[in-house]
Every structure is written in structure tokens, then in C-alpha cells.
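Undergrad: The structure is given below, and queries will be raised subsequently.
The values are calculated or read from the model by the stated rules, or taken from the named source; none is laboratory data. Only a predicted model underlies this, so the values are computations on that prediction, with no experimental measurement involved. Cβ sites come from the backbone with ideal geometry, for glycine too, and all protein chains shown count toward neighbours.
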Amino acid sequence: MTLVPSFCNLLKLCRGIAGHIVVALALFTQATLAAADSLAAGKILHAISGNPVIGASVTLQKSGQTIGSAITDTGGVFSIPLNLPPSPRHQTLTLRAAHGNFVPVSVPVQTDRGTPTETIYKLTLLPKELAGCLGETGKKVVVGHIRPPLGETVADLPSRIAEALQFDLLTRLQEKHLNSEVQPIFEACAGAEPKSIMHGGQWARALKAHAFLSGSVNRGQSDFDVSTLVSDAYDLFDGPQRSKNHAVDLNDPSAAQMDPKTHATILVAVAKGYENARLYAECVDTTVVAEGILGASSPMIIAVRASCQAKLRHTGLVPGGGQ
Amino acid sequence: MMANYRCPFRTIVAAFACTLMFSVWAIAGIDVRLPQELNLLEQGVSKPHFPWAKYRVAVFSFEDPHGTGLGDAIANILAKRMLFDSTVSSIGVVNFQSGLSPTKEDSSSYFDKVEKLIQDQGFLISLWGRVLPLENELSIDAFVQLSDEATVKRFSWRLELPEAMGGGALVARLRPNRIRAQNLRTPKDEAVRLRNTSRNIQGLRRSPTVAAPIEASIRPDTVYVLKERQNSWVRVQLKGGASGWTSVGAQCLNYCARLLEVADFASGLLKYAERGELNDATDYLSAEALAVEEQIKALDSLNLRNIEDIQKRSLGRALRWVGPDRWTGPDKWTKIDRGSGPAPGGSAFTNVAIMARTAMALQKAYKRAVAHPLPWPIIRKRVCTSNFSNLCRVLERFTNNSTFSGHLRTEEMADVAINAGIRPKEIQKFIRGELAKAIFNSISINRDTVTQYATELARASLHDPNNIDILKNLAVFFRFLEDRRRYQLAESIVEELKRKQP
């Protein structure tokens with residue numbers, strides 16, 4: 001037993017100390033760099049397909065002045081070096097992505113001591129031909145392309161469906177005195193043509209809609225069969241919700257009338273949108289309207305309503321219903 | 001001297017002329033071309049029609065997205081029915097024709113335009129709707145909309161609570177006040193008949209019969225007034241002089257007559273607003289119209305004296321729409337399909353049911369209180385005001401008797417007073433008025449019962465979160481239960497909802 005450390009032990013101790021010094025130095029350098037230099041990085045994707053958008057121009061602006069820019073690479077990735085002073089601590093910049101074939105998009109970038117608060121910014125670009133279908137965020141239901149039978153045309157069916165939905169559903173919602181600012185809008189977007197029926201949800205998200213309705217017309221025995229598919233932006237449904245109207249005369253306006261199940265499905269998606277927008281009372285009211293249209297409840301209606309009810313301040317009124 | 005002289009004959013003539021003028025103008029209508037009206041509104045020119053009328057009604061051209069040509073015809077038939085067959089003392093009906101569909105110049109929707117005009121003109125009741133051709137038939141949706149002001153002033157009810165429960169009142173307003181009154185299906189060829197009927201109604205005939213020749217017509221933008229009635233016929237005078245006879249009932253038959261039920265339903269609401277009398281729902285109305293009728297009747301029965309009457313007419317009617325015994329399928333009397341889903345008006349019927357139960361509990365407590373002798377010191381303190389000094393002095397003398405138990409029955413009080421020579425009228429006034437009020441204010445409902453009502457209402461409010469009446473009633477209950485936290489929460493949500501309201 002000796003009180004003098006062996007050489008080997010001394011070496012280990014030195015290594016340990018040196019290691020700590022290196023880590024501390026690295027942290028110090030990083031902290032200094034963060035105040036002076038940082039990156040606004042992210043990815044630009046095609047709003048419908050989810051594929052990367054190559055060659056998009058991304059700019060970072062402060063009070064309207066460009067302070068950095070980049071072009072996306074083959075993976076749609078960009079990174080813009082930043083050199084902002086650490087004060088003021090919180091600043092708001094604008095990240096703008098543009099490409100000749102797409103509708104430009106901008107998002108706010110918050111900074112903390114000169115560093116963006118997000119590590120990766122993901123922006124989606126909508127093809128320019130769909131620019132007309134992009135409305136106000138979270139307020140609408142889009143009726144997309146209705147595929148005609150081979151070699152035939154379906155005159156104006158999306159617009160007619162949108163009009164019919166507007167009357168049928170808005171009158172129901174208005175009975176609940178929903179504030180006009182939050183009432184959904186029903187719009188036709190004939191150019192919105194998903195490649196697969198499973199892409200409806202993506203289309204709803206890309207068009208910033210609660211729900212997306214598409215469909216097809218097939219020749220039936222005597223007349224036409226019109227099938228519709230309703231997808232939602234919130235992945236509420238496992239897949240698109242189908243309904244079918246048999247023996248429809250396409251020249252007849254009733255071809256645009258949707259069945260109660262379709263109405264209720266759309267309203268459940270709208271209700272979910274209200275929940276996301278923290279409009280819980282409107283969410284509950286909308287599920288009640290959906291239930292009224294169906295004449296009965298459904299597991300989806302019950303689930304969405306329960307979720308919204310749980311967030312209402314009214315729960316505190318029920319004994320045992322929370323504080 | 002001459003200057004002060006008033007000719008009685010002139011005064012009588014002036015009064016007569018005034019009466020005549022009022023009666024002439026008491027029922028009037030106008031067909032207005034909407035594009036012009038909307039243009040004026042856009043320019044900020046607001047010119048209310050018939051500002052003198054006690055009841056101002058608007059009927060809007062029905063939305064007609066597929067050009068059946070029936071939008072104006074249906075509105076015209078309904079407008080004329082409301083005007084010609086109305087039983088209220090003073091009414092002005094504006095029939096807005098065409099121009100409600102979105103155009104290239106004005107993309108506002110049908111509803112936006114309807115709503116804009118209702119708000120601008122402040123109509124008490126509005127009728128609007130849509131006509132849609134289906135495969136083999138026409139689908140006509142008709143709506144009756146009560147203004148918020150009308151709902152608050154004429155279609156709201158209160159159930160006063162005793163002071164022992166903290167006072168205040170439970171409240172209810174008619175819900176819904178935008179009522180899908182009818183969905184009528186007619187054969188497609190009915191369109192021609194409806195258009196012809198509308199045209200015929202505009203014609204003013206020499207005498208009250210369909211065979212009489214037409215001598216003038218009701219034209220757009222011309223005010224017309226009702227001068228005379230003869231069965232279903234009315235003599236109409238146009239501003240400018242021409243007059244003649246027309247009738248809706250005699251010319252609108254079969255399917256058209258079914259359509260009239262919407263106008264009659266709306267007229268029934270006006271009659272109720274004026275005289276408290278309500279029509280029964282009729283066969284071709286919707287479940288919502290039936291629900292509105294039953295809700296009004298249920299709320300009207302809340303203040304009945306007899307517990308069995310409240311149970312049958314108020315609670316019974318409410319429970320037709322909510323709870324495990326909700327009535328479904330075709331209605332017993334009208335055959336209107338009551339449906340099976342949520343009741344029209346959200347949780348309004350739960351609110352009515354709770355108010356009815358509260359009314360019954362209060363009646364029970366009151367009857368119990370009256371049946372028992374009342375402590376004299378309380379009577380003296382609460383009822384013996386200066387109005388009843390004589391009577392109270394007599395009663396005081398009686399209570400000074402050494403055999404007096406300290407309590408008095410109402411019958412005993414009456415006997416004592418009559419023997420002392422007090423007038424029966426005064427005794428009645430004392431017992432039925434002030435004493436009854438004092439007894440009422442001393443009663444209370446069992447706290448457990450109120451807790452149960454509050455729980456039921458709180459659950460109903462989760463289902464109908466924007467129902468301000470339910471929240472107000474919850475606040476009243478929680479205040480009585482001394483549940484400060486829930487009372488403040490209910491009050492705070494009420495304030496939040498009030499801020500949200502346009």
C-alpha cells in the first residue's frame with residue numbers, strides 16, 4: 001500500500017481532467033458560435049406527393065430585408081447561415097420558399113439570442129395550377145375531381161356538389177348560430193385529382209381544408225352510379241369514407257345531393273378542425289348537427305365530441321367533472 | 001274667446017280620420033325588387049319598410065340554384081298568405097323578389113344577402129328557403145327565422161325562485177329560433193301550377209270570386225293595404241288608388257296548400273307574440289316546427305298552479321324530446337316524423353324539463369307551507385305593511401289571547417277578520433297577495449334535489465355549450481347550493497358567451 005499514486009493512475013487522472021477541459025471548451029465555443037453564427041435549416045416538400053422540391057429558392061428576411069438565402073439540393077434540403085446579434089433576445093424573421101412551378105409560401109421563424117428556435121423547418125409547396133384552390137387556413141371543405149366514365153364528361157359536378165353541400169350543411173350549422181367567421185366554406189377544385197384514393201387526406205392538408213371530397217362516375221345498368229370519397233386532414237378515418245348513389249341522371253341536379261352519411265362524415269372532419277383551432281364549443285355543436293343528420297350517433301362522432309367536451313370549461317360545472 | 005273654442009265635430013272627425021288611417025295602414029305589404037334594395041344597402045342607404053308596423057315580416061325569394069323559376073313564386077305565395085290571413089293588429093310584410101343568388105358582381109351567398117337585409121331592416125320574422133328539382137319531384141325547404149330581439153322580448157320565460165333559495169329566476173328562450181319549418185316534396189309538374197297561382201294572387205278582381213274579372217294587379221315597389229275581408233278573400237288597395245279582391249286560400253290548392261302551412265306557422269308565432277295564443281303544428285310541417293310548438297306550450301305551462309298540470313303540460317311535453325322515453329317516429333296527432341336523433345334546439349328541452357321539475361317541487365313545498373299554521377311573528381314582519389293596518393291590528397289582538405298557539409292558519413285568519421268586520425275583499429287581497437308572496441318566499445327545495453337538477457343541467461351544457469340559458473340557470477342553482485367555485489365558473493362562461501355573440 002502506498003500513498004503515492006502510480007504513474008498509470010496519474011495518467012488516467014490527467015486524461016480525465018483533460019477530457020473535461022476539452023468538453024468545456026467545446027461547449028464554450030458552441031455557445032459563442034450560437035450567439036454569432038447559426039443556421040436556419042430545413043426541407044421543402046411537394047405538398048401533395050411529399051417528394052422533395054429541388055432548386056427551390058429559400059430566403060430569410062428580417063423586416064422585409066433579405067439576410068440570407070439558399071437553393072434546395074436534390075433532397076429538398078436547405079441551410080442558411082445566420083449571423084444575428086444575441087440581442088434583442090427574441091426576434092421574428094420570415095422564411096420564404098419559392099419555385100417557378102409552385103405557389104410561394106412563407107413561415108415565421110422565431111429566434112432566441114440570434115438562433116432559430118426550431119432545428120429543422122419543413123415547408124410544403126403547392127403546385128401553381130392549384131393556387132385557386134388554396135383558401136383560408138382551416139375553414140373549408142374542398143370538392144375535388146370527379147372522374148367521369150371513360151370517354152365521357154361530367155359537367156360541373158364538383159361545383160354542383162359544393163353548392164349543394166353549402167346549402168345543406170351551412171343551414172344546419174347556422175341553426176347553432178356558429179359565428180360566421182368560423183363557418184366552413186365549400187369549394188370546388190376540379191383540378192384536385194389524387195393519383196390514389198388513399199391520397200385524399202394529403203390533398204386536404206395541402207389545400208388547408210378540413211376535408212376533401214373526390215369521386216368517380218361509372219355507367220350503371222340504366223343510368224350512372226356516382227361514388228364519392230371523403231378524406232379528412234386529421235387522419236380521423238382509416239381510409240376515405242365511401243358512399244354511392246345509384247342510377248343517377250347526371251343532368252339532374254339531384255346528382256349533386258350527398259347522402260346523410262357523407263354529410264355527417266364531412267361534419268366530423270370540420271368538428272376535428274374546430275378542436276385543433278381550440279373552438280371546442282363549435283366542435284361539440286358540429287358533432288350534434290352530424291348526429292342530427294344521421295339520426296343516430298356513430299363511434300367517430302362520439303369520440304370527437306368526447307375529446308372536445310373534455311377540453312370545455314363546462315366540464316368544471318359537472319360534479320366530479322374536474323376543476 | 002274664439003281662439004279657445006274647439007269644435008267638437010272637428011275633433012270627432014279628426015279622431016275618426018285617424019282611426020281610419022290607422023286601420024288602413026295597419027296591414028300593408030310591398031313586393032320589392034332585391035337588386036335595387038341591395039344596391040341601396042351597399043351605398044349605405046338604409047330605408048326601413050313599414051316602420052309604423054308592430055310586426056315587420058320579410059319573405060325572401062327562395063334560392064333556386066337550378067332555375068326552376070319557383071323562387072319568387074313561392075315567396076310571393078307565402079308573403080301574401082302571411083299578410084292576407086294574419087290575425088295580428090298591425091303587420092307589414094316585405095316580399096323580396098329575385099337577386100339573391102351570387103352573381104359575378106356580387107359573389108355573396110344567398111344567406112349572406114338574406115342575413116344582411118334582416119340585420120339592416122330588423123325584421124321580427126323572416127321566411128326564406130330553397131327549391132331544388134330532384135329526379136321526379138321538387139324539394140322545397142322553408143325556414144322561419146325569429147330575430148334575436150324577438151326571441152329575447154317575446155319568446156322567453158322566467159320561473160321565479162323564492163328568496164329562501166336566494167331569489168332570482170330560471171330562464172329559457174325559444175331554441176332554435178332559426179327553424180327548418182318544412183321540407184315539402186311535390187311532383188315536378190306542380191311547378192307550373194305554383195307559378196300560375198302566384199300570378200293569379202297578384203290579380204285584383206272586381207268581386208271576391210275566382211270567376212270575377214281582374215281589374216288591376218299588385219306591382220313591384222307599390223305599397224298595398226288591406227281594406228276589407230270576406231271569408232278567405234281580401235280587398236286590397238294599391239297606393240295610387242286601384243283596388244280589388246284577391247285570395248290565397250281560394251287559389252292555392254293541393255300541394256300549394258301544404259306550402260301555406262309554413263306561412264300559417266309563422267303567423268301563429270306572431271299571434272302568440274301578440275296574444276299568447278299558439279296554433280297546433282300541422283301535418284306538413286317539420287319535426288323542428290313541432291318541437292318549437294311543444295317547447296312554447298311546455299314553457300307556457302310552467303307557472304300553472306296545479307302540480308299535475310305542470311307535470312302533464314310542461315314536463316310531459318319536454319320529455320317527448322329528451323330522456324329514455326323520447327318519442328320517435330310519426331307523431332300521434334300530426335304524423336310529423338319526430339326522428340330519433342338529438343332534439344331540435346340542442347339541450348333546450350332538458351332545460352325545460354328541469355324548470356318544470358323545479359316548478360313542481362316549488363308548488364309542492366308551497367302547498368305544504370300553506371297547509372301548516374304560520375308563525376304569527378313572521379306574518380307580522382313580512383306581510384303587515386301599512387296597507388293592511390286594520391286587518392293586522394285585529395289579528396294582533398287575537399294573538400294576544402292566552403290560548404293562542406303562536407301559529408295561524410289562513411282559514412283561521414279569515415274567520416277572525418270577518419268576525420271583526422273587515423271587508424272580505426281586503427282579506428282576500430291579504431291572503432292571496434302579500435301573504436301568499438311571503439309564504440312563497442319562505443319555501444325552499446331540498447338541496448339534494450337541486451344538486452341533482454344542477455348535475456343534469458351541467459351535463460346538458462356539455463352537449464350544448466353555447467346555451468346561455470342553461471349556464472344562467474346553473475349559476476342560480478350553484479349560488480343556492482353555496483358552491484362558490486361552480487357558481488363563478490358558470491357566470492364566467494356566461495360572460496364569455498355574451499362577448500362572443502355578435
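Undergrad: Do we find that B:N441 is touching a helix residue (DSSP H, G or I) at 6+ places or on another chain (Cβ under 9 Å), away from chain A (no Cβ under 12 Å) and either touching a residue at least 12 places away in the same chain (Cβ under 8 Å) or hydroxyl-bearing (S, T, Y) (or both) in this structure?
TA: Criteria met by B:N441.
Undergrad: What about A:V268, is it within 12 Å of chain B (Cβ to nearest Cβ), closer than 27 Å to B:I179 by Cα and assigned to a helix (DSSP H, G or I)?
TA: no
Undergrad: In segment B:463-482, what count of residues is obtained for those that are within 11 Å of chain A (Cβ to nearest Cβ) and in a loop (DSSP other than H, G, I, E, B)?
TA: 5
Undergrad: Looking only at residues in segment B:115-129 that are surrounded by 22 or more Cβ atoms within 10 Å (Cβ to Cβ) and within 14 Å of chain A (Cβ to nearest Cβ), which one is farthest from the chain's Cα centre (by Cα)?
TA: Ranking the qualifying residues of segment B:115-129, first place goes to B:G129.
Undergrad: Follow-up. When you scan segment B:451-460, do you find a residue that is under 30 Å from B:V370 (Cα atoms), in a helix (DSSP H, G or I), under 29 Å from the mean Cα position of the chain (by Cα) and more than 11 Å from chain A (Cβ to nearest Cβ), even just one?
TA: Looking through segment B:451-460, at least one residue is under 30 Å from B:V370 (Cα atoms), in a helix (DSSP H, G or I), under 29 Å from the mean Cα position of the chain (by Cα) and more than 11 Å from chain A (Cβ to nearest Cβ).
Undergrad: In segment A:123-241, which strands (runs of 3 or more DSSP E) lie fully inside it and hold 1 or more residues that are surrounded by 21 or more Cβ atoms within 10 Å (Cβ to Cβ) and within 14 Å of another protein chain (Cβ to nearest Cβ)?
TA: A:140-147, A:185-188, A:224-232
Undergrad: Among the listed residues A:L178, A:L157, identify the single one that is touching a residue at least 40 places away in the same chain (Cβ under 8 Å) and farther than 28 Å from B:V292 by Cα.
TA: After ruling out the rest, the residue left standing is A:L157.
Undergrad: Please specify each residue of segment B:213-251 satisfying the condition of being touching a helix residue (DSSP H, G or I) at 6+ places or on another chain (Cβ under 9 Å) and on the phi > 0 side of the Ramachandran plot.
TA: B:D221
Undergrad: When residues of segment B:483-502 are filtered for being at pLDDT 95 or above and not in a helix (DSSP H, G or I), how many remain?
TA: Residues flagged as at pLDDT 95 or above and not in a helix (DSSP H, G or I) within segment B:483-502 amount to 1.
Undergrad: Would it be correct to say that B:Y110 is within 12 Å of another protein chain (Cβ to nearest Cβ) and of a type in the set (S, T, Y)?
TA: It is true that B:Y110 is within 12 Å of another protein chain (Cβ to nearest Cβ) and of a type in the set (S, T, Y).
Undergrad: May I pose another question? Taking into account only those residues within segment B:268-327 that are in contact with a Pro (Cβ under 7 Å, 6 or more places away or on another chain) and of a type in the set (A, V, I, L, M), which is surrounded by the most Cβ atoms within 10 Å (Cβ to Cβ)?
TA: Across segment B:268-327, the extreme among qualifying residues is B:A291.
Residues checked against (1) away from chain A (no Cβ under 14 Å); (2) of a type outside the set (S, T, Y); (3) out of contact with any Leu (no Cβ under 7 Å at 6 or more places or on another chain):
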residue: B:W376; (1), (2), (3): yes, yes, no
residue: B:R382; (1), (2), (3): yes, yes, yes
residue: B:N390; (1), (2), (3): yes, yes, yes
residue: B:T399; (1), (2), (3): yes, no, yes
residue: B:I418; (1), (2), (3): yes, yes, yes
residue: B:Q428; (1), (2), (3): yes, yes, yes
residue: B:I431; (1), (2), (3): yes, yes, yes
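Undergrad: Where residues in segment B:331-344 are touching a strand residue (DSSP E or B) at 6+ places or on another chain (Cβ under 9 Å) and within 14 Å of chain A (Cβ to nearest Cβ), which of them is nearest to A:E291 (Cα to Cα)?
TA: B:P344
Undergrad: While we're on this one: Being surrounded by 14 or more Cβ atoms within 10 Å (Cβ to Cβ) and modelled with pLDDT under 90 narrows it down to one residue among B:A458, B:A420, B:A454; which is it?
TA: Residue meeting the stated conditions: B:A420.
Undergrad: Does B:L408 qualify as being over 20 Å from B:A359 (Cα atoms), free of Cβ contacts under 8 Å to residues at least 24 places away in the same chain and in contact with a strand residue (DSSP E or B) (Cβ under 9 Å, 6 or more places away or on another chain)?
TA: no
Undergrad: Okay, moving on. Condition check: out of contact with any His (no Cβ under 9 Å at 6 or more places or on another chain), among the small types (G, A, S), part of a loop (DSSP other than H, G, I, E, B) and at pLDDT below 95. Does B:G341 satisfy that?
TA: yes
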